[in-house]
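The values are calculated or read from the model by the stated rules, or taken from the named source; none is laboratory data. Keep in mind that this is a model prediction, so the values were computed, not measured. Positions of Cβ are backbone-derived with ideal geometry, glycine not excepted, and every protein chain shown enters the neighbour counts.
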Amino acid sequence: MQTYICRMLLQQTLIKATEAGAAIMKEYFDKHFTVSNKEGINNLVTEVDHKSEEAILNVIKKEFPDHYILSEEAGEIIQESEYKWIIDPIDGTVNYANGIPICCVSIGIEKNGKMQMGAVFNPFINEFYFAERGQGATLNNKKISVSNKTEVIKSCLVTGFPYTYLDTPNGPLQVFEKFIRKGIPVRRLGSAAIDLCWVAAGRFDGFYEHKLSAWDSAAGFIIVEEAGGKVTDLTGKYYNPYQPGLIATNGKIHDEVVKIVNGGEV
Ligand code: IPD
Ligand code: CA
Ligand code: CA
């Protein structure tokens, strides 16, 4: 009973916090807000990222003042706790700053180092994704599952590019070129959390990105897994959100995507 209450409270707080951040995103979307640079000229942070983060943190701290928090703009609130909240107050900030409504709030909860719950909300198209370990994944409370495609050549993929160019062998541009030369559609939405959710919903068959942070992927990671998909690092090993590379697919095309991302032919 105690565990059930705790789970329910965690879930309710996660949903409330995600909605609180998303309400701020909506409120300021067509208003004037300040935009500044982080490292790199186009790695932006807006006033709204901070406001969304504040609203999210208020909800979490009120219910769980002793939980560990890792949030993109505020950094870490280190606490002795089995729970860790991993927060991206706006994923897709460049989109947001340009009035492009492909952006969201993304929050994951780890329990004892394992991703336990995740929520991603894009309030502009009213899509709320949620997953809890062992319970499946939902979009607006309806179960979702990954696609059934079995071949990369017939797949629709999505990727993202880092703010600073990654000049490494099999880097983002080389891999992109490989797919594009074979005529495989590879979209670029500008929000890793949404990319992951759209794999979970079966819209994309796979997503890969070379350089992400834990807050970009934490929630989407469990949403894809609970929708029946597979998430690994770039080498095909089980995903760890504290290292940069990620491949998320419907599972069926996974090995082929891993091979291509590592220099293999399509
Ligand atoms: C970014 C987005 C983008 C990805 C970048 C991320 P932000 O997050 O998820 O899709 O390509 O690597 O940094 O800066 O908008 O929170
Ligand atoms: Ca992000
Ligand atoms: Ca962000």
- Among the residues of the stretch 21-35, which ones are closer than 15 Å to N98 by Cβ and not aliphatic (A, V, I, L, M)? Y28, F29, D30, K31, H32, F33, T34
- Query: Pick from G21, G99, G40: which is surrounded by fewer than 18 Cβ atoms within 10 Å (Cβ to Cβ), in contact with an Asp or Glu (Cβ under 8 Å, 6 or more places away or on another chain) and not in a strand (DSSP E or B)?
  - Reply: G99
- Message: So in the stretch 52-84, with the set limited to residues that are under 24 Å from P162 (Cα atoms) and either in the same structural domain as S217 (by TED's automatic domain parsing) or not aliphatic (A, V, I, L, M) (or both), which one is surrounded by the most Cβ atoms within 10 Å (Cβ to Cβ)?
- Response: S52
- Which of the residues belonging to the stretch 187-207 are within 9 Å of G160 (Cα to Cα) and surrounded by 24 or more Cβ atoms within 10 Å (Cβ to Cβ)? S191, A192, D195, F207
- Which of (1) closer than 20 Å to N42 by Cα; (2) surrounded by fewer than 15 Cβ atoms within 10 Å (Cβ to Cβ); (3) touching a Leu at 6+ places or on another chain (Cβ under 9 Å) does K211 not meet, given it meets every other one? (2)
- Among the candidates F176, F128, which residue alone is within 16 Å of ligand 1 (Cβ to nearest atom) and outside any loop (DSSP other than H, G, I, E, B)? F176
- Message: So for the stretch 171-191 (the condition being in the same structural domain as A219 (by TED's automatic domain parsing), touching a residue at least 60 places away in the same chain (Cβ under 8 Å) and of a type in the set (G, A, S)), does at least one residue qualify?
- Response: yes
- Message: If I ask for residues that are in contact (Cβ under 8 Å) with a residue 60 or more places away in the chain and of a type in the set (A, V, I, L, M), which ones from the stretch 1-43 would you list?
- Response: L10, L14, I15, A17, A22, A23, M25, V35
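This table checks each residue for (1) within 15 Å of ligand 3 (Cβ to nearest atom); (2) within 20 Å of the chain's Cα centre (by Cα).
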residue: N42; (1), (2): yes, yes
residue: E53; (1), (2): yes, yes
residue: N58; (1), (2): no, no
residue: I102; (1), (2): yes, yes
residue: M117; (1), (2): no, yes
- Exactly one of (1) among the aliphatic types (A, V, I, L, M); (2) touching a residue at least 40 places away in the same chain (Cβ under 8 Å); (3) assigned to a loop (DSSP other than H, G, I, E, B); (4) more than 16 Å from ligand 1 (Cβ to nearest atom) is unmet by I109. Its number? (3)
